[in-house]
1. Which of the residues that make up the range 281-291 are at pLDDT below 95 and within 20 Å of residue 188 (Cβ to Cβ)?
2. I'm told residue 158 meets every condition in (1) more than 21 Å from the chain's Cα centre (by Cα); (2) at pLDDT 90 or above; (3) assigned to a strand (DSSP E or B) except one. Can you identify the failing condition by its number?
3. Can you tell which of 197, 193 is modelled with pLDDT under 90, part of a helix (DSSP H, G or I) and closer than 18 Å to residue 114 by Cβ?
4. Confirm whether residue 311 is touching a strand residue (DSSP E or B) at 6+ places or on another chain (Cβ under 8 Å) and farther than 17 Å from residue 58 by Cα.
């Protein structure tokens, strides 16, 4: 019989480390600080689970660094605008898979993968896939002036069993930023927010600041701020190549709140912001000692407020 991993009971206070990125309040420009480890993230895979009396949610997040030439061949061409290009030897890729299992009705399965520059966290490309009542794949290619989207759906019922590359219902769209974004600010992809918080330990006295994030069709100004310290109970498995350790007990966390505002074009209905399957505003709780996001709290459509609690973390060696 497989033995249980050793258990560590967590307690005690910790001291926050300094910011790893330069922040310009009001809007944010990212540049790696003099600390060579400023962009380092301790985790490479996080598994969350959330329970609600109307159902449950499971979300997995993976992070990996890739050679630039390997990513270059994956970036799609755009018919208009100047697509953002890779400007370093490596690119980060973050993948998310989320399953909502409601008490009543069919499961909703979504998967995404995004490629972004490590230093400024600038988004290059994002692929989203949904399997449920409506099946589709969206590829978003980020440009200097907006986002080009290539949408694919099964053209016939028989195509639902095939891979997206064989789907025949295709639509191209372009969503310009217009004058909504301050000049020089990087445009991010939503899941990159989790990466940024893992590389930056926010000071409790820091003022609110804004990030510019393109979710689907619209640019969003996402206001982020430290809303306090909180003692939080955790219970998750920490895995390395050498061993597995059960982390269980109370820890000190930093609660980061996010409020999203869609910068919708005139005469256009603002879209609701989406992050890890959550809709609207949300909070992320970071372990103040390790910078690992141990809980994400927000609203799941059809369920209500859900706490996505960390259940497994694979660490970088």
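The values are calculated or read from the model by the stated rules, or taken from the named source; none is laboratory data. Owing to the predicted nature of the structure, the values given are computational and were not obtained by experimental measurement. Note that we place each Cβ from the backbone using ideal geometry, even for glycine, and neighbour counts take in every protein chain shown.
1. Hits for the range 281-291 are 286, 291.
2. Residue 158 satisfies every listed condition except (3).
3. On the way: 193 fails: modelled with pLDDT under 90.
Of 197, 193, the one residue that is modelled with pLDDT under 90, part of a helix (DSSP H, G or I) and closer than 18 Å to residue 114 by Cβ is 197.
4. No; evaluated as a whole, the condition is false for this residue.
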